[in-house]
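Everything on this sheet refers to the single structure shown next.
The values are calculated or read from the model by the stated rules, or taken from the named source; none is laboratory data. Quantities reported herein were computed from a predicted structural model and do not represent experimental measurements. FYI the Cβ positions are ideal-geometry reconstructions off the backbone, even for glycines, and counts take in every protein chain you see.
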Amino acid sequence: MKVLVTAKRVIDPYVKVRVKSDGSGVETANIKMTMNPFCEIAVEQAVRMKEAGVVSEIVVVSIGAQQCQETLRTAMAMGADRGILVETADEVQPLAVAKALKAIVDKEQPKLVIMGKQAIDDDCNQSGQMLAALLGWPQAAFISNIAVNGDGAEVTREIDGGLEKLSIRLPAVVTTDLRLNEPRYVTLPNIMKAKKKPLEIIKPDALGVDMSPRLTTLKVQEPAKRGAGVKVADVKELVSKLKNEARVI
Amino acid sequence: MAILVIAEHDNKQLRPGVTNTIAAAVKMGGDITVLVAGKQCADAAQAAAKIAGVAKVLLCEAPHYEGALAENIAALVLSIAGQYTHIVAPASGFGKNFMPRVAALLDVQQISDISAVESADTFVRPIYAGNALATVQSKDKIKVVTVRATGFDAAGAAAVAAPVENLAPVADSGLSKFIGQELSKSDRPELTAARIIVSGGRGMGSGENFKLLEALADKLGAAVGASRAAVDSGFVPNDYQVGQTGKIVAPDLYIAVGISGAIQHLAGMKDSKVIIAINKDPEAPIFAVANYWLVEDLFKAVPEFTRELSA
């Protein structure tokens, strides 16, 4: 079966972001960018399913600036077969992502879409569920396991109190949680091979969907800083501070 | 202005966070209706009726609302969505799952995980793991909003209980089927409701060593949490995770043990009232957010801490 996965280009999660002084957003110039960690898990899952013989073809999609081609090449070095970039320099919000992906799914007809549960930049946690809704497909968000059997799949979801098992019909959209797998490192030979894999670039207009943002960002600020703390010498002093100063125990 | 709040519950009781979500709805301004959907969940509906600010409770019971499948809950919300200006739910595993489905089918851009309400259409939400706060305005006709519970004080009790009305269920979508849940069993308080949390990181070294934290937690009546690194290393299950991609907590006291303080962990706990950190690395970034910190080997400090509390 064919699988579609998505890969978002984000600021490296280990980089400390800085708010722009004019409050219009965060500094992105000359900052290290990478594939969103949950998208990496999605790509890895698709590749493992292909290695297990469950999946025949992996199409990876990214939406954003021209540099997202690098993100797609990384996904192809991990094992995706071909890439599609919906190229736009404009802000793309989750509803627009879902609409663009729906147009691509309508054309590609995958049996399964695997997406990251959230992007670590806007922390929205919406696109996968929205895509499932627009397609009228079942969804399984935040999965830590998936087993495909014929026209359905059994999935394990991470929920607040533990784990939940669902059986879903295919086609479906699933979104990945941390413990689904540990993504592989890409090797140099695979990076070279990925350069020869097909990468199609399409403009939002060609998809025939309205991708304009619905939310206006009025300002972006730094959160309030916590006051400076106190270093304590030993456990005795710590307990005394908690009892007598902070009065929390 | 009419606001629909979708309540999270276990059929008997409301989950922690629902009262905070209702408090956020009060700030948006308007009549608040709470929807309680589940399998035999009348007790939870009665509890919702007793929260200050609630004008009406809609109770919808059907076998296929067990497990709160996203497809079915979203379809039910959509069946009445047209009557409301705002649709609001907690930004918990429950709300995150079905709310984007509601938003997409209403052709609305959801506003996720708000930490403050500026006005009926303008909200503050953390981005980049809480390292920035964005103020966003929605132009959509219906606002679909999920609420970060720690951003709002819980709503109090109502003087008079609101009326509870029955709502007809929508047919089962048949798209997915609930098989079951395996919930972590613990006598300790829940992470998102605990007054005190003891959390461990990669420095714990193993799952076995979390027993040290459990002993301390039991002394304090605390919940036990963990950093993503500890979950990644397989020490504890994912539902222990505090951070950007786990649970967001703000207890009175947060005790971080063997946690270096990665950006994504700080995102989940830095709104705690008092933070203490125990780490042998004097350069650990966690110290920057701590009210009190102790540079010491946790395997010495934690048992001593537990003993000191018994003294």
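A compact table of results
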read-out: Test result for B:ALA23, out of contact with any strand residue (DSSP E or B) (no Cβ under 8 Å at 6 or more places or on another chain), on the phi < 0 side of the Ramachandran plot and buried (at least 21 other Cβ atoms within 10 Å of the Cβ); value: yes
read-out: Residue in region B:8-20 that is farthest from B:ALA91 (Cα to Cα), counting only those that are part of a loop (DSSP other than H, G, I, E, B), touching a residue at least 40 places away in the same chain (Cβ under 8 Å) and in contact with a strand residue (DSSP E or B) (Cβ under 7 Å, 6 or more places away or on another chain); value: B:ARG15
read-out: Sole exception among (1) touching a helix residue (DSSP H, G or I) at 6+ places or on another chain (Cβ under 9 Å); (2) assigned to a helix (DSSP H, G or I); (3) of a type in the set (A, V, I, L, M, F, W, C) for B:VAL5, by number; value: (2)
read-out: Lone qualifier among A:LEU215, A:LEU199, A:LEU163 - being in contact with a strand residue (DSSP E or B) (Cβ under 6 Å, 6 or more places away or on another chain) and within 30 Å of A:ARG73 (Cα to Cα); value: A:LEU199
read-out: Among residues of region B:144-186, those that are within 14 Å of another protein chain (Cβ to nearest Cβ), farther than 30 Å from A:ASP151 by Cβ and assigned to a loop (DSSP other than H, G, I, E, B), counted; value: 4
read-out: The one condition in (1) crowded, with 19+ Cβ neighbours inside 10 Å; (2) in contact (Cβ under 8 Å) with a residue 40 or more places away in the chain; (3) at the interface with another protein chain (Cβ under 10 Å from one of its Cβ atoms) that A:PRO171 fails to fulfil; value: (3)
read-out: Residue identified as touching a residue at least 12 places away in the same chain (Cβ under 8 Å) and assigned to a loop (DSSP other than H, G, I, E, B) among A:ALA75, A:ALA100, A:ALA119; value: A:ALA119
read-out: Which listed residue is modelled with pLDDT of 95 or more and closer than 28 Å to A:VAL97 by Cα, from B:ILE32, B:ILE6; value: B:ILE6
read-out: Residue, surrounded by the most Cβ atoms within 10 Å (Cβ to Cβ), within region A:208-229, restricted to residues that are among the hydrophobic types (A, V, I, L, M, F, W, C) and assigned to a strand (DSSP E or B); value: A:LEU215
read-out: When residues of region B:97-134 are limited to those that are of a type in the set (Asp, Glu) and more than 7 Å from chain A (Cβ to nearest Cβ), the one nearest to A:VAL174 (Cα to Cα); value: B:ASP107
read-out: Considering residues of region B:293-311 that are among the charged types (D, E, K, R) and at the interface with chain A (Cβ under 7 Å from one of its Cβ atoms) only, the residue nearest to B:LYS219 (Cα to Cα); value: B:GLU308
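Rundown of residues vs (1) touching a Phe, Trp or Tyr at 6+ places or on another chain (Cβ under 6 Å); (2) assigned to a loop (DSSP other than H, G, I, E, B); (3) more than 7 Å from every other protein chain (Cβ to nearest Cβ), yes/no style:
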position: A:ASN125; (1), (2), (3): no, yes, no
position: A:MET130; (1), (2), (3): no, no, no
position: A:ILE143; (1), (2), (3): no, no, yes
position: A:ALA147; (1), (2), (3): no, no, yes
position: A:ALA153; (1), (2), (3): no, no, yes
position: A:THR156; (1), (2), (3): no, no, yes
position: A:GLU164; (1), (2), (3): no, no, no
position: A:ARG179; (1), (2), (3): no, no, no
position: A:PRO189; (1), (2), (3): no, no, yes
